[in-house]
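The values are calculated or read from the model by the stated rules, or taken from the named source; none is laboratory data. Source: prediction; values computed, not measured. Neighbour counts run over all protein chains shown; Cβ positions are idealised from the backbone, glycine included. All accessible areas refer to the heavy atoms of the entire protein, side chains included, with ligands and DNA or RNA removed. Shrake-Rupley method; radii C 1.70, N 1.55, O 1.52, S 1.80 Å.
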Amino acid sequence: MSLLELKNVYKIYGDLHALDDVSLKVEKGEWVSIMGPSGSGKSTMMNIIGCMDKPSLGQVLLDGMDISKESDKSLTNIRRDKIGLIFQQFHLVNYLTAVENVMVSQYYHSMPDEKEALEALERVGLADRAKHLPSQLSGGEQQRVCIARALINHPEIILADEPTGNLDEANENIVIELFRQLHNEGTTLIVVTHDPEVAEVAQRTIVLDHGKLVREDINENFEAQNSSAAKPAENKKTEEKKAEKTEEKKASKSTGKKKKK
Amino acid sequence: MKKRKMFLRMIFASLMRRRSRMIVALLSVAIGATILSGLVSIYYDVPRQMGAQFRNYGANMIFTASGDELELAAVNNAAALIPDEEKVGVAPYRYENVRVRDIPVVAAGTDPEGAKATSPYWSVDGNWFTGAGEMMVGANVAESFRIKTGDMLEVTYTPMTDDSAADADNVSYFTVTGILQTGGSEENYIYMTLDDMSALTYESDRVDLAELSISAGAEELSGYADKINAADDVHASLVKRVTASEATVLTKLQALVLLVTIVVLALTMICVATTMTAVVAERRKEIGLRKAIGASDRSIIREFMGEGMLLGLFGGIVGSVLGFVFAEQVSVNVFGSSLIFRPLLVPITVIASIAVTGISSLMPIKSATEVDPALVLKGE
Ligand SMILES: Nc1ncnc2c1ncn2[C@@H]1O[C@H](COP(=O)(O)OP(=O)(O)OP(=O)(O)O)[C@@H](O)[C@H]1O
Ligand SMILES: [Mg+2]
């Protein structure tokens, strides 16, 4: 049985089909990227998988449970117990310190444990920033706090919506490296991104367009990339592609802005 | 237990690290609590303060003989039935017809201390008489006889006896210590101590009436009167004009204070509700985030309620201190006397202020639970 299965899922706003007959299976431990132009329904899909929204039509099975039929209350419980969320805008509670932000997640899940929260921050390389408020952290650091928060309760599945969208090259690599570690520990990862660089480190890339699933690429080299020996080569490749990538990034961002306005 | 610690850590952080925002909310709660505790202090202190004011208008209870004669001892016994702390003054009076320079005048024997206390509005030009051989003269008498302070006066008393031994006049000499002005009939009398009166008349312990000034409400007063009348030596009656008007003014004043209290309470609630609504609106994103990472509606309610109540606690503490200062100022300026500090009012104010913030936060907090986690995380 797959960990996650979407069966003919629709999300309809008025006459706009934000998701249009999407079917998808994600196995336990898999690392999947989702790409697609702005407005293609990526965030909509993530919200549904993340139990924050319900499909208009279709079935969503998470761990065998049909979450499209659950009440808001039990969706909250599923979200709390099974899912770790990472967002583009590094949402942190602005009056809580880094370590407190991580502890909030523990607080809702089970028991706050400052020691464990500090370990999670150490893991993302922020041990010395634990007592800082979000406003005293850089964007990359904030995003790493979000990752620490997402992984603190050992979720089965981590959903990241453009986790590197606002990060520079160095921080992007830190985040990818953390994902790689999580993957190796068996965590299921679903990552929305505009950045092909980020997408292609996954095992599989899914492309959405106008709410439809239009393409699916399997990464043949995944095993090789993922081994630690492959890392330097991977970094080199990153540098080569740098110029191309920045252009792409600019392009996608500007279309995104146009669309939103 | 650890969960509670984190809960407190979060709500304290929210209040402390968002100080500039919360100060407005705190201010509105504190002002509400201040006025509330101040007005309640005044409300409870008004009877005492008003009573003291009204005691300036003279006696509110009169003892007269229930049989033929009123004995001084009976007056003292009856007065003993009234608690000392409420007794402002007791003035027994005995009136006799005497002659000064062969002209008939009414002389009153009384206790100067008691008279001073029961009739605080009497004004004396000179000094009150204090002991043997001293006398105070009513202004009218002083004018007719051209008496000045310091004069020596011969007072003659003729006992009324069956056998007409008319020559057996009793004579005493007095120094005039002061001239009494009251604006009333008291200006027609001359005043001396009861002992001097006894010496002059060869008759002791008999009085005509006693005036009492008692600092108590109308109900308590009639209670005392009933108790005294039950024992049949003395007949106690209330000076209706004084007690009734005191009661009316008191009721009106208390009603006014109560009304203002209710209005202030309502205003505070509106103010807190508005502030909390703004707080919730401002923190929609945070609420969405908390829900997204697994907060149930109940946790959200608990956290905001916790913040609201913490605000109520701080506001209540500040308010009960400032409230006492406020009430004290009012008391000193309006009634000219200090307020009694009521320690019970502190916890009452704090609890009331927590309750008020809690109740007025209900609606805004309810709207917090309606925040959709999906929407919040989608927008910028
Ligand atoms: N609550 C809503 N009401 C109406 N339309 C909505 C709502 N949420 C999303 N949409 C629409 O659904 C479509 C898909 O939105 P979605 O946020 O999933 O796009 P996206 O692929 O995440 O785009 P981006 O890359 O810009 O984040 C868009 O056209 C959007 O306008
Ligand atoms: Mg999106």
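Near A:Lys115, which aspartates and glutamates are there with a Cα under 15 Å away, not counting those fewer than 8 places off in the same chain?
Of all the aspartates and glutamates, those that pass the test against A:Lys115 - Cα under 15 Å, at least 8 places apart if same chain - are A:Glu100, A:Asp128.
Which entries of B:Lys116/B:Lys252; A:Lys54/B:Lys5; A:Lys25/A:Lys69; A:Lys7/A:Lys82; A:Lys25/B:Lys291; B:Lys87/B:Lys148 have Cα-Cα distances beyond 24 Å here?
B:Lys116/B:Lys252; A:Lys54/B:Lys5; A:Lys25/B:Lys291; B:Lys87/B:Lys148
Pull out a ≥ b ≥ c, the square roots of the eigenvalues of the alpha-carbon gyration tensor of the protein assembly as shown, then state rounded if a/c is under 1.5, prolate if not and a/b is larger than b/c, and oblate in the remaining case.
Cα axes put the protein assembly as shown in the prolate bin.
How big is the gap, in Å, between the Cα center of segment B:323-355 and the Cα center of segment A:71-86?
Cα centroid to Cα centroid, the span is 50 Å.
Taking K and R as +1 and D and E as -1, what net charge do the other residues with C-beta under 9 Å from the C-beta of B:Ser172 add up to?
Numbers: positive: none; negative: B:Glu154, B:Asp196.
Once positives and negatives cancel, what remains is -2.
Determine which aspartates and glutamates satisfy two conditions relative to A:Lys212: a Cα distance under 12 Å, and not lying fewer than 8 residues away in the same chain.
A:Asp20, A:Asp21
What does the extension gain come out to for B:Glu154 and B:Ser338, with contour length at 0.36 nm per residue minus their alpha carbon separation?
61.6 nm
Ignoring ligands, DNA and RNA, please state the percent of accessible area on the protein assembly as shown from carbon and sulfur, probe 1.4 Å.
57
What does the charge count around A:Pro163 come to, taking other residues whose C-beta lies under 11 Å from its C-beta (Lys +1, Arg +1, Asp -1, Glu -1)?
-3
Run the quick spin-label model on B:Lys252 and A:Asp168: label points 7 Å from Cα toward the beta carbon, then report their separation in nm to one decimal.
Once both label points are built, they end up 7.8 nm from each other.
Using only the Cα atoms of chain A, what semi-axes does the equivalent ellipsoid have when each is the square root of 5 times a gyration tensor eigenvalue? Give whole Å, largest first. All intermediate terms of the calculation are to be shown ahead of the outcome.
Values: eigenvalues 140, 116, 68 Å².
One finds semi-axes of 26, 24, 18 Å for chain A.
Return the whole-Å distance between the Cα centroid of segment A:1-56 and the Cα centroid of segment B:122-198.
111
Where in segment A:53-79 does accessible area fall by at least 40 Å² between the isolated chain and the complete protein assembly, at a 1.4 Å probe radius?
A:Thr76, A:Arg79
Hey, any idea what Rg/Rh is for chain B, computing Rh the Kirkwood way over Cα pairs?
1.30
Roughly what would the spin-label model give for B:Ile351 and B:Arg17, points 7 Å off Cα along C-beta, in nm?
So the label points at B:Ile351 and B:Arg17 sit 3.5 nm apart.
Can you work out the FRET efficiency for the pair B:Asp169 and B:Glu219, with r the C-beta to C-beta distance and R0 = 45 Å, to the nearest 0.05?
Computed FRET efficiency for B:Asp169 and B:Glu219 comes out at 0.35.
Once you have the Kirkwood Rh of segment A:72-183 from its Cα pairs, apply Stokes-Einstein at 20 °C and 1.002 mPa s and quote D in µm²/s.
After rounding, the answer is 155 µm²/s.
What whole number of Å gives the distance from the Cα centroid of segment A:119-140 to the Cα centroid of segment B:51-88?
81
Given N residues in segment B:59-238, what is Rg(Cα) / (2.2 N^0.38 Å)?
Dividing the Cα Rg of segment B:59-238 by 2.2 N^0.38 Å gives 1.07.
Give me the Debye-computed log₁₀ of I(q)/I(0) at q = 0.20, 0.22, 0.25 Å⁻¹ for segment B:99-175, equal point scatterers on Cα only, no solvent, two decimals.
With no solvent term, the Cα-only Debye profile gives -0.98, -1.12, -1.32.
Could you give log10 I(q)/I(0) at q = 0.23 Å⁻¹ for segment B:320-380, computed by the Debye formula over C-alpha point scatterers of equal weight, without solvent?
Those come out to -0.93, one per q.
Quickly work out the B:Glu85-to-A:Ala127 label distance, labels modelled 7 Å from Cα along the C-beta direction, and quote it in nm with one decimal.
6.7
Pull up the DSSP beta bridges for segment B:90-209 and report the antiparallel fraction as a percent, rounded to 5.
Restricted to segment B:90-209, the bridges split so that about 70 percent are antiparallel.
List the accessible area buried at the contact between B and A, summed over both sides and calculated with a 1.4 Å probe, in Å² to the nearest 100.
Summed over both sides, the interface buries about 2900 Å².
Mind checking which aspartates and glutamates have their Cα closer than 18 Å to the Cα of B:Lys366? Skip sequence neighbours fewer than 8 apart in that chain.
Reachable aspartates and glutamates: A:Asp72, B:Glu282, B:Glu286, B:Asp297, B:Glu303, B:Glu307.
Is segment A:7-124 best put as rounded, prolate or oblate by its Cα gyration tensor, with a ≥ b ≥ c the root eigenvalues, rounded for a/c under 1.5, and otherwise prolate when a/b is larger than b/c, oblate when not?
On the way: a/c = 2.11, a/b = 1.81, b/c = 1.17.
Verdict is prolate for segment A:7-124.
Under the rule that an exposed site lies in a DSSP loop and has at most 15 other Cβ atoms within 10 Å, name the longest stretch of chain B with no chymotrypsin sites (Phe, Trp or Tyr not before Pro) of that kind, not counting the sites themselves.
B:203-340
Can you pull the Rg over Rh of segment B:1-135, Cα-only, Kirkwood?
Value, to two decimals: 1.41.
Shape call for segment B:252-380 from the C-alpha gyration tensor, a ≥ b ≥ c root eigenvalues: rounded (a/c under 1.5), prolate (a/b greater than b/c) or oblate?
Prolate.
Counting other Cβ atoms within 10 Å, keep those with at most 15, restrict to DSSP loop, and tell me which GluC sites (Glu not before Pro) in segment B:180-258 are left.
Passing sites in segment B:180-258 are B:Glu203.
Considering only the other residues whose Cβ falls under 14 Å of the Cβ of B:Asp232, what net charge follows from Lys and Arg at +1 and Asp and Glu at -1?
-4
Rolling a 1.4 Å sphere over the protein heavy atoms, what is the accessible area per residue of segment B:59-238, to the nearest Å²?
Values: 8710 Å² over 180 residues.
So segment B:59-238 comes to 48 Å² accessible per residue, rounded to a whole number.
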